[in-house]
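J.: Here it is: the structure, laid out below.
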Amino acid sequence: MNPTTAAILHFLQTWWVELVCGVVIVAVVPLIAGYIVLMERKLMADMQARLGPMRVGPHGLLQPIADAVKLLIKEDIVPADADALIFWFAPVISMVAALTSMGALAFGPTFQVARDINIGILFVLGVSSLGFLGIILGGWASNSHYSIIGAIRSTAQLVSYETAGGLAVISALLLSGTLRIRAIVEAQQNYNPQQHSGVWFIFLAPVSFFIYLVASIAETNRAPFDLPEAESELVAGYMTEYSGFRWALYFLGEYANMIVVGAVATTLFLGGWLRPFPNVHWLNWLDFLPVLLMALVGVYCIYRAGKQPVPVQTWFMWAVALGCFAVAAIFAAPWIFAPLKFIVPGLNGAFWFLLKVTAYIYVFMWLRFTLPRYRFDQLMHLGWYILIPLAIVNVFAVGVAIVLESEFGWNRWLALIVTTAFTLAVAAILVNLHDKRTAGASTATTATTDSYAG
Amino acid sequence: MLDSILFYFFAGVAVLSAALMVTRRNAIHSAVFLITALLATAGIFLQLRAEFLFIAQIILYVGGIMVLFIFVIMLVRLDVAIHQIRFRMQKFVALLVALALGLELTAILYFARKLPGQGLFIQGSAPADQLPPNSEELARSLFSSYLLPFEIASVLLLVAMVGAVVMAKNKKRTDEP
Amino acid sequence: MADTVQEDATQKNGTLLGADELVLNMGPQHPSTHGVLRVKLKLDGERVRGTECVIGYLHRGVEKIAEHRTYQQFAPYVDRMDYIAAVSNGLGYCEAVEKLLNVEAPLRARVIRTILTELQRIASHLIWLGTHALDIGALTPLFYCLREREEILKIFEKYCGARLTTHAFRIGGLQYEAYDGFEKDVERFCKDFERRIKEYVDLLTGNSIWIGRTRNIGMISAADCIAIGASGPILRASGVKWDLRKAQPYAAYDRYKFEIPVGANGDTYDRYMVRMEEMRQSRLICLQAIENIPEGPILGKVGKVLKPPAGEIYHSIEAPKGILGYYIVSDGTIQPYRVRIRPPSFVNLQAFDKMVRGHLVADVVAIIGTLDIVLGEVDR
């Protein structure tokens, strides 16, 4: 065969896993993002004492499909004065940045496109920050005063909180000592090589995790930091002039960003694809948790199937139950057929990873429905006056803890507890100053005015 | 083989974007094409296994400097600038500078073929995929051999930040009575 | 930084359009103006320098219609003014006409009127709380409030057949007897409501984001309130302890023990606290009332055809939004000569300009929400 075909075959042979992962990311993530939207609507409804989408498909499960179809067949409205090239380009940038940054993430020990790239986490953070360009260009291309203001505000918010988030990431990287994603998770598995024990970094650096949580909520423009997107505010935001599928791209980009941010937090703080308490041998039964969980969900579905009012819903519940049992069987297969043991780390790892990312996103949604919105200046004040100083102090504290342990021989946990206490004290001072400042604004009522004069 | 394809792709995009960038009338279009040119250059860095340089290019150049450029272009009233008197000899000087630059680059490339080993100035360096990891090497040298310039650069950046904030604050104070 | 210092309102030409000023139009169609209110904001950058409210988009000529209806025929019209709290509108009107006729409703009717009006107060404040929280960004309290309001509306529906525009009262008393189980329903609601108020308090009262969005926002002094004629929770939050239920008792309010909540600063947070406490006090009134609803007739001695003697009367009640007054002039015929309605929202809206000067644009929606206006009342 000619050299071109040979070269192509060789390429496919070496890179087929990564290619498959890449294709899965590009094809599946938008669908997953759509279902995260459904999850959010159902969760919002549950917290608000109502049911959420119920009509389209059983219990609303086909709602994202219906929404996607609707958005696709909508009329493509481009404002007359808008810059056509940039108008087309901007949502694409947002979406592409989010998807590309997923390329470096490891969704399990085997699922990663940019395998072992030297700069793992930095790649993810850097490429996902390219999404800001999509926002600015989108706001500008709409050629509307309010879109530009909304875009600038949104970008200002993102940039401020990215600083704080980056500093939080740095303090976690101090603990792992490397930027490579696989190595970070392995560091959490083998944190204490002598005792062969591992611990998630959230227990070693809880303040970092909290700072990253707050920063990532602001990064993805979620409540309580969603003023640039809020409908009841006057400035309508950079997405105003976008309708139909262009808007859908922005929206999907936002939810893909949520997945990225959740995945980064999981990798850095929550142990990636490790089960809770990795390396603790007497907790090895936790390895069976995926099977148990899916089986329990299946049993619950069967229990609910009997209570459905309409036959089609009963069949649907039975179908879901069977699906859960099938997944449980896949999880349990390696223990039954020994030759299949090689899929255990990949499958279980992916399960734990997705569980943690889902929990992180659940917290995002929970906060959205519970908390009111910050005003923009309060938001910036929170970022620059509280979060960034705290993040800087935190990096310093974690560094000191590491030095204390390696140079002065302190116990690892003691060093970390002492420095965490110090950081929390600083946080308390900062919050106190913040409260004094807002309460100290003048409460004196103005002098009585003569409303009948003039 | 894959390397060549990728290189030609990145290089082609870079050259095309640069050409488009200098020929656009709309400033934002130019900025966008500069972004694509920078991204293509970053791709070439990645091919050379200089991963840190690749991500630094993206984070700092594209994510920082180009965002700043775009802000400035958006917020500055360009139509006012267009009607101001410009430097009249611009075309002639530009031609001169371009010719000089072209001659220099040609000379460098010509003489480079006479140097042994790969690359232009690094003698006896290893092929790209056998180099030690980029980030670690950079960090090691930054914190050992180049510690003083690193610290000076940090202080300079700090001074710049503080200075910018002070100047902006002063301006605000003189604006509002 | 957001200095929420009020601009000196003695500056008479605060709305002079300067070089940097921008006139921003909000409404009449806007998710947060709570009806068809048009607000023209004069902005200097982000700060509001002056406002102009344009009203009248919901004007229906109610007062003119009154001149061409008999007294009983006009009663359903008053429900449509403050459509969130129709029962209190009806109470004010019926009591005004009863005063004109020199007739007093029997005690049993007055007690049931009190219970229904206090339930309506709670329902009105629930809508206020839900929409105000929604404007500030809290998505959930609205649905909780609507859930509670649903229980009250069910009671209304069982009582008189309608949920919103109830026409619950008649001139001289009531038409419908309290249905079987009325006391039980009200008691069940009130017992449950304590827990629900706690939910709202948990979500909002101590929340630092909520406090940051409402403290020192939209402040108005007591003197300003009195000068404008503001009434209701706005007046009470500024420190003036004035409530017509205590000052000039009507219906059966003098039989029950309740407190009048008063605020200190006159900002949005105080108005929020005052209304929350008012809901609790209304609940207490209801509980006291249902313990002992006296037996007796429900309609006083009023003929079929109402011809009040010529004269005039002004009667006001404490509606959920403020002082609702009816000035009725009778010329001896079956139709009134003039009915002038003093709506609380119309007068309270004047406070908007004072409250919003110097604040940021993002606070405007919070301030409109805290005024608790209903355009049906403002425009009539």
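The values are calculated or read from the model by the stated rules, or taken from the named source; none is laboratory data. In this text the structure is predicted, and so the values were computed from the model without any measurement. Heads up, the Cβs are rebuilt from the backbone with ideal geometry, glycines too, and the neighbour counts pull from every protein chain shown. Areas reflect the complete protein model, heavy atoms only, side chains present, ligands, DNA and RNA absent. Shrake-Rupley method; radii C 1.70, N 1.55, O 1.52, S 1.80 Å.
J.: Could you grab me the full set of residues in segment A:348-358 that are touching a residue at least 40 places away in the same chain (Cβ under 8 Å) and over 16 Å from A:Thr220 (Cα atoms)?
T.: Once the filter is applied, which keeps residues that are touching a residue at least 40 places away in the same chain (Cβ under 8 Å) and over 16 Å from A:Thr220 (Cα atoms), segment A:348-358 yields A:Asn348, A:Gly349, A:Ala350, A:Phe351, A:Trp352, A:Phe353, A:Leu354, A:Lys356.
J.: Also: Do we have A:Phe123 as in a helix (DSSP H, G or I) and more than 30 Å from A:Ile170 (Cβ to Cβ) here?
T.: Numbers: in a helix (DSSP H, G or I): yes; more than 30 Å from A:Ile170 (Cβ to Cβ): no.
Criteria not met by A:Phe123.
J.: Another question, then. Residues of segment C:208-261 being without any contact (Cβ under 8 Å) to a residue 40 or more places away in the chain, under 30 Å from C:Ala109 (Cα atoms) and of a type in the set (A, V, I, L, M), which ones?
T.: Selection gives C:Ala247, C:Ile260.
J.: Now for a different question. Do the conditions hold for C:Glu312, that is, is it closer than 24 Å to C:Val78 by Cα, open to solvent by less than 30 Å² (accessible area, probe 1.4 Å) and out of contact with any His (no Cβ under 9 Å at 6 or more places or on another chain)? Can you show your working first?
T.: Details: closer than 24 Å to C:Val78 by Cα: yes; open to solvent by less than 30 Å² (accessible area, probe 1.4 Å): no; out of contact with any His (no Cβ under 9 Å at 6 or more places or on another chain): yes.
For C:Glu312, the condition - closer than 24 Å to C:Val78 by Cα, open to solvent by less than 30 Å² (accessible area, probe 1.4 Å) and out of contact with any His (no Cβ under 9 Å at 6 or more places or on another chain) - is not met.
J.: Another question, if that's okay. Check segment C:173-182 and report whether any residue there is assigned to a helix (DSSP H, G or I), out of contact with any Gly (no Cβ under 9 Å at 6 or more places or on another chain) and more than 14 Å from chain A (Cβ to nearest Cβ). Lay out the reasoning, then the answer.
T.: Step one: of segment C:173-182, the residues assigned to a helix (DSSP H, G or I) are C:182.
Imposing the further condition that a residue be out of contact with any Gly (no Cβ under 9 Å at 6 or more places or on another chain) reduces the set to C:182.
Filter once more, keeping what is more than 14 Å from chain A (Cβ to nearest Cβ): C:182.
Looking for residues that are assigned to a helix (DSSP H, G or I), out of contact with any Gly (no Cβ under 9 Å at 6 or more places or on another chain) and more than 14 Å from chain A (Cβ to nearest Cβ), one finds at least one in segment C:173-182, hence yes.
J.: When you look at A:Ala205, is it open to solvent by less than 40 Å² (accessible area, probe 1.4 Å), more than 14 Å from chain C (Cβ to nearest Cβ) and touching a Phe, Trp or Tyr at 6+ places or on another chain (Cβ under 8 Å), yes or no?
T.: yes
J.: Something else about it: I'm trying to understand the selection: among the residues of segment C:54-64, which are in contact with a helix residue (DSSP H, G or I) (Cβ under 6 Å, 6 or more places away or on another chain) and on the phi < 0 side of the Ramachandran plot?
T.: Correct list: C:Ile55, C:Leu58, C:His59, C:Val62.
J.: May I pose another question? Taking helices (runs of 4 or more DSSP H) that fall entirely within segment B:1-61, which contain at least 1 residues that are among the acidic types (Asp, Glu)?
T.: On the way: elements: B:2-23, B:27-47, B:51-56.
Hits in segment B:1-61: B:2-23, B:51-56.
J.: Residues in segment C:184-197: is at least one in contact with a Leu (Cβ under 6 Å, 6 or more places away or on another chain) and more than 27 Å from C:Gly376 (Cβ to Cβ)?
T.: Looking for residues that are in contact with a Leu (Cβ under 6 Å, 6 or more places away or on another chain) and more than 27 Å from C:Gly376 (Cβ to Cβ), one finds at least one in segment C:184-197, hence yes.
Let's see how each residue does on (1) hydrophobic (A, V, I, L, M, F, W, C); (2) closer than 25 Å to A:Tyr360 by Cα; (3) open to solvent by less than 80 Å² (accessible area, probe 1.4 Å):
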site: A:Met47; (1), (2), (3): yes, yes, yes
site: A:Pro58; (1), (2), (3): no, no, yes
site: A:Leu62; (1), (2), (3): yes, yes, no
site: A:Val78; (1), (2), (3): yes, no, yes
site: A:Ser94; (1), (2), (3): no, yes, yes
site: A:Ala97; (1), (2), (3): yes, yes, yes
site: A:Thr100; (1), (2), (3): no, yes, yes
site: A:Ala104; (1), (2), (3): yes, yes, yes
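J.: Can you find, within segment C:198-225, the residue that is surrounded by the fewest Cβ atoms within 10 Å (Cβ to Cβ) among those that are more than 10 Å from every other protein chain (Cβ to nearest Cβ), closer than 21 Å to A:Trp366 by Cα and of a type outside the set (Asp, Glu)?
T.: Filtering first and then ranking leaves C:Gly206.
J.: For A:Phe288, which of the numbered conditions (1) under 16 Å from the mean Cα position of the chain (by Cα); (2) among the hydrophobic types (A, V, I, L, M, F, W, C); (3) part of a helix (DSSP H, G or I) fails to hold?
T.: Just one mismatch for A:Phe288, condition (1).
J.: Now for a separate question. Of the numbered conditions (1) over 18 Å from B:Val67 (Cβ atoms); (2) part of a helix (DSSP H, G or I); (3) open to solvent by 10 Å² or more (accessible area, probe 1.4 Å), A:Asn143 fails exactly one; give the number of that condition.
T.: With respect to (1) over 18 Å from B:Val67 (Cβ atoms); (2) part of a helix (DSSP H, G or I); (3) open to solvent by 10 Å² or more (accessible area, probe 1.4 Å), A:Asn143 is out only on (2).
J.: Next question. Inspect segment C:110-118 for any residue being more than 30 Å from A:Ala223 (Cβ to Cβ) and in contact with a Pro (Cβ under 8 Å, 6 or more places away or on another chain) and give the result as yes or no. Write out each step before concluding.
T.: Looking only at segment C:110-118, we keep the residues that are more than 30 Å from A:Ala223 (Cβ to Cβ), and these are C:110-118.
Add one more test, that the residue is in contact with a Pro (Cβ under 8 Å, 6 or more places away or on another chain), and what stays is C:111.
Checked against the condition, which is being more than 30 Å from A:Ala223 (Cβ to Cβ) and in contact with a Pro (Cβ under 8 Å, 6 or more places away or on another chain), segment C:110-118 yields at least one hit.
J.: Considering segment C:334-345 alone, what residues qualify as being hydrophobic (A, V, I, L, M, F, W, C) and surrounded by fewer than 20 Cβ atoms within 10 Å (Cβ to Cβ)? Please lay out each step first, then the result.
T.: Step one: list which residues in segment C:334-345 are hydrophobic (A, V, I, L, M, F, W, C), which gives C:334, C:339, C:341.
If the condition is that a residue be hydrophobic (A, V, I, L, M, F, W, C) and surrounded by fewer than 20 Cβ atoms within 10 Å (Cβ to Cβ), then C:Ile334 is the only one that fits.
J.: Take A:Ile135 and decide whether it is modelled with pLDDT under 90, surrounded by fewer than 20 Cβ atoms within 10 Å (Cβ to Cβ) and of a type in the set (A, V, I, L, M, F, W, C).
T.: Values: modelled with pLDDT under 90: yes; surrounded by fewer than 20 Cβ atoms within 10 Å (Cβ to Cβ): no; of a type in the set (A, V, I, L, M, F, W, C): yes.
Spelling it out, it is not the case that A:Ile135 is modelled with pLDDT under 90, surrounded by fewer than 20 Cβ atoms within 10 Å (Cβ to Cβ) and of a type in the set (A, V, I, L, M, F, W, C).
J.: Do the conditions hold for C:Asn265, that is, is it open to solvent by 20 Å² or more (accessible area, probe 1.4 Å) and closer than 24 Å to C:Gly206 by Cβ?
T.: So C:Asn265 fits the description; yes.
J.: Being open to solvent by 40 Å² or more (accessible area, probe 1.4 Å) and either touching a strand residue (DSSP E or B) at 6+ places or on another chain (Cβ under 7 Å) or among the aliphatic types (A, V, I, L, M) (or both) is the filter here; which residues of segment B:8-17 pass it?
T.: Of everything in segment B:8-17, those that are open to solvent by 40 Å² or more (accessible area, probe 1.4 Å) and either touching a strand residue (DSSP E or B) at 6+ places or on another chain (Cβ under 7 Å) or among the aliphatic types (A, V, I, L, M) (or both) turn out to be B:Val13, B:Val15, B:Leu16.
J.: Also, I was wondering about something else. Between residues in segment A:12-27 that are under 15 Å from A:Ala256 (Cα atoms) and of a type outside the set (A, V, I, L, M, F, W, C) and residues that are part of a helix (DSSP H, G or I) and open to solvent by less than 80 Å² (accessible area, probe 1.4 Å), which pairs lie under 9 Å by C-beta distance while being six or more apart or on different chains?
T.: Taking only residues 6 or more apart or on different chains, the pairs are A:Gly22/A:Gly103.
J.: Have a look at A:Leu367, A:Leu382, A:Leu371 and point out the one that is within 14 Å of chain C (Cβ to nearest Cβ), closer than 18 Å to A:Phe209 by Cβ, among the aliphatic types (A, V, I, L, M) and within 19 Å of the chain's Cα centre (by Cα).
T.: Sole residue among the options that is within 14 Å of chain C (Cβ to nearest Cβ), closer than 18 Å to A:Phe209 by Cβ, among the aliphatic types (A, V, I, L, M) and within 19 Å of the chain's Cα centre (by Cα): A:Leu367.
J.: Does A:Pro91 meet the test of being under 26 Å from the mean Cα position of the chain (by Cα), in a loop (DSSP other than H, G, I, E, B) and away from chain C (no Cβ under 14 Å)? It would help to see each step written out before you state the result.
T.: Working: under 26 Å from the mean Cα position of the chain (by Cα): yes; in a loop (DSSP other than H, G, I, E, B): no; away from chain C (no Cβ under 14 Å): yes.
Here the answer is no, as A:Pro91 does not meet what is asked.
J.: On to the next question. Out of all the residues in segment C:138-148, is one or more farther than 29 Å from C:Gly90 by Cβ and either of a type in the set (D, E, K, R) or touching a helix residue (DSSP H, G or I) at 6+ places or on another chain (Cβ under 6 Å) (or both)?
T.: Within segment C:138-148, one or more residues are farther than 29 Å from C:Gly90 by Cβ and either of a type in the set (D, E, K, R) or touching a helix residue (DSSP H, G or I) at 6+ places or on another chain (Cβ under 6 Å) (or both).
J.: A further question on this structure: Filtering segment C:246-270 down to residues that are charged (D, E, K, R), more than 14 Å from every other protein chain (Cβ to nearest Cβ) and in a loop (DSSP other than H, G, I, E, B), which residue is farthest from C:Cys225 (Cα to Cα)?
T.: Per the stated criteria, the residue is C:Lys257.
J.: Go through segment A:398-416 and count every residue that is hydrophobic (A, V, I, L, M, F, W, C) and either within 26 Å of the chain's Cα centre (by Cα) or open to solvent by 60 Å² or more (accessible area, probe 1.4 Å) (or both). Give the derivation first.
T.: Of segment A:398-416, the ones hydrophobic (A, V, I, L, M, F, W, C) are A:398, A:400-404, A:408, A:410, A:413-416.
So of that shortlist, the ones also either within 26 Å of the chain's Cα centre (by Cα) or open to solvent by 60 Å² or more (accessible area, probe 1.4 Å) (or both) come out as A:398, A:403, A:408, A:410, A:413-414.
Count: 6.
J.: Tell me which of these B:Leu34 doesn't satisfy, since it passes every other one: (1) modelled with pLDDT of 90 or more; (2) at the interface with another protein chain (Cβ under 9 Å from one of its Cβ atoms); (3) closer than 23 Å to A:Ala156 by Cβ; (4) within 13 Å of the chain's Cα centre (by Cα).
T.: So the condition that B:Leu34 fails would be (2).
J.: Checking A:Val20 against (1) modelled with pLDDT of 85 or more; (2) open to solvent by less than 70 Å² (accessible area, probe 1.4 Å), only one condition comes out false. Which one?
T.: All conditions are met except number (2).
J.: Identify, please: which residue in segment C:140-164 is open to solvent by 40 Å² or more (accessible area, probe 1.4 Å) and away from chain A (no Cβ under 14 Å) and is, among those, nearest to C:Ile127 (Cα to Cα)?
T.: Filtering first and then ranking leaves C:Leu164.
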